[in-house]
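Q: Please read through the structure below; I'll follow up with questions.
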Amino acid sequence: MTGWIIPPPKKSTKTRQQFAIERGEKVRQLIKKGYLKSERIKEAMLKVPREDFIPDSYRDYAYLEVPLPLPGKKATISCPHSYPLFYEPLGLGQGHRFLEIGLGSGYGTALAREIVGLDGLVISMEIDPLTFEFARRNLINAGYTDIILIRGDGGLGYPRSAPYDRICLTAACAEIPPPLIGQLRTGGRLIGPVIEGGIQNLVLLKKTEEEVSHEIICEVLYVPLRENYGSGAEEDGGGAGT
Ligand SMILES: C[S@@+](CC[C@H](N)C(=O)[O-])C[C@H]1O[C@@H](n2cnc3c(N)ncnc32)[C@H](O)[C@@H]1O
């Protein structure tokens, strides 16, 4: 899989109405291409204004299929199709206790909050202090004040609120961090990019009483996971991913 071509920064000129039209069009495309299937994920994508989670100099590109830079070291907001790509096989739904590793812009976190609803719980972890603060402000400005945000190494998970029904890892690792598998409820699912033989596969884990099964969904390209469960790629400038 090749890298992405990021459009040049520019001053935002689009209106709220233009963004709303682009959002509707994006959702129609994602349904047509088979990424978006469930009603709750569709409703969330129609509701959350993605443009409000992007730095002003890239805001006009909010609905393009490219990852866009965020404040922080190698942080990006993933391209729009990534969210149903992860959340559909994850089966994210109403009432779930959801742990996200890699808060980024906070956009995927806001979508998750809408999807799990008031009887669910959303916790998101971010390692980079600049990225964390950017996302925290975005979420507050968008009215999401009931999400638990943790600054720290998401590879270690957040045992205090475990077990989780669903876990989503948005940075690429050499192996799924064992603490995250430990914090997944029996019957739960985890999804994330795993580096295998020089490529990244999006892997879905399902935990039952008997086993933890692995299924490869597709090839992806994500920024590397940092800290305890990093692959080493984060040290060498690699990982021009989403
Ligand atoms: C692709 S971005 C996440 C995009 C995000 N889902 C969004 O909607 O904007 C991956 C994020 O993972 C973060 N990250 C990398 N290693 C991490 C770690 N060990 N713990 C927590 N966050 C980490 C990066 O700083 C980056 O912000």
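The values are calculated or read from the model by the stated rules, or taken from the named source; none is laboratory data. Quantities reported herein were computed from a predicted structural model and do not represent experimental measurements. Heads up, the Cβs are rebuilt from the backbone with ideal geometry, glycines too, and the neighbour counts pull from every protein chain shown.
Q: Considering only strands (runs of 3 or more DSSP E) fully contained in the stretch 124-242, which possess at least 1 residues that are exposed (fewer than 13 other Cβ atoms within 10 Å of the Cβ), free of Cβ contacts under 8 Å to residues at least 60 places away in the same chain and at positive phi? Walk me through it before giving the result.
A: On the way: elements: 148-151, 164-169, 184-196, 199-207, 212-220.
Answer list for the stretch 124-242: 184-196.
Q: Let me ask something else about it. Quick one: how many residues across the stretch 106-123 are assigned to a helix (DSSP H, G or I) and not hydrophobic (A, V, I, L, M, F, W, C)? Before you say what the answer is, go through the steps one by one.
A: Here is the first cut: in the stretch 106-123, the residues assigned to a helix (DSSP H, G or I) are 107-116.
When the remaining residues are screened for being not hydrophobic (A, V, I, L, M, F, W, C), the result is 107-109, 113-114.
Looking only at that region, the number is 5.
Q: Name the residue that is nearest to the ligand (Cβ to nearest atom), counting only residues in the stretch 43-69 that are closer than 16 Å to ALA112 by Cβ and surrounded by 21 or more Cβ atoms within 10 Å (Cβ to Cβ).
A: In this case the residue turns out to be PHE53.
Q: Condition check: surrounded by fewer than 18 Cβ atoms within 10 Å (Cβ to Cβ), at pLDDT 95 or above and of a type in the set (Lys, Arg). Does ARG113 satisfy that?
A: no
Q: To continue, here is another question. Quick check, is ARG50 farther than 23 Å from GLY192 by Cα and of a type outside the set (Asp, Glu)? Please lay out each step first, then the result.
A: Working: farther than 23 Å from GLY192 by Cα: no; of a type outside the set (Asp, Glu): yes.
Judged against the criteria, ARG50 is not a match.
Q: Any residue at all in the stretch 169-192 that is within 16 Å of the chain's Cα centre (by Cα), at pLDDT 95 or above and over 23 Å from GLY230 (Cβ atoms)?
A: Yes; the residues of the stretch 169-192 include at least one that is within 16 Å of the chain's Cα centre (by Cα), at pLDDT 95 or above and over 23 Å from GLY230 (Cβ atoms).
Q: Residues in the stretch 81-105 that are part of a loop (DSSP other than H, G, I, E, B) and either near the ligand (Cβ under 8 Å from one of its atoms) or small (Gly, Ala, Ser) (or both): how many?
A: Looking only at that region, the number is 7.
Q: Here are the criteria: (1) more than 9 Å from the ligand (Cβ to nearest atom); (2) surrounded by fewer than 24 Cβ atoms within 10 Å (Cβ to Cβ). Tell me which single one GLY72 does not satisfy.
A: (1)
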